[in-house]
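Notes follow the structure.
The values are calculated or read from the model by the stated rules, or taken from the named source; none is laboratory data. Because the structure is a prediction, the values reported are computed rather than measured. Note: areas computed on protein heavy atoms with side chains; ligands, DNA, RNA excluded. Shrake-Rupley method; radii C 1.70, N 1.55, O 1.52, S 1.80 Å.
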Amino acid sequence: MKRRDLVRHLDKNGCYLDREGANHSIHRNPENGRYAAVPRHREIKETTARTICDQLGISRP
C-alpha cells in the first residue's frame, strides 16, 4: 500500500499528524488518545498498515 493512501485513510478517520520522529511520523487519534508510528517508506506492507490501524483503534483499509 502506498504511504499517502494510508495517511489519507488515517485523516478520514479523524487521526492527525502529531509530530515527526527521526524515521517515523507519529499519528494520534484524539477520540481515544492512541497513537502509532507510520514509517516513511513509499510502500508500506499490508500487515503493517493493518497493525497501525489497530493501534489507533480505527477500521482497516
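Rolling a 1.4 Å probe over the protein heavy atoms of the chain, with every protein chain left in place, gives an accessible area that is 45 percent carbon and sulfur. In the chain, helical runs assigned H by DSSP with n ≥ 4 each contribute -39500 (n - 2.57); averaged across all residues and rounded to the nearest 500, the mean residue ellipticity at 222 nm is -10500 deg cm²/dmol. Accessible area per residue for the chain, computed on protein heavy atoms with a 1.4 Å probe, is 67 Å². Using Cα centres only, tell me the gap between the stretch 43-61 and the stretch 4-30 in whole Å. Measuring centre to centre over Cα atoms gives 11 Å.
Under the shape rule built on the C-alpha gyration tensor, where the axes satisfy a ≥ b ≥ c, the chain is oblate, since a/c reaches at least 1.5 while a/b does not exceed b/c.
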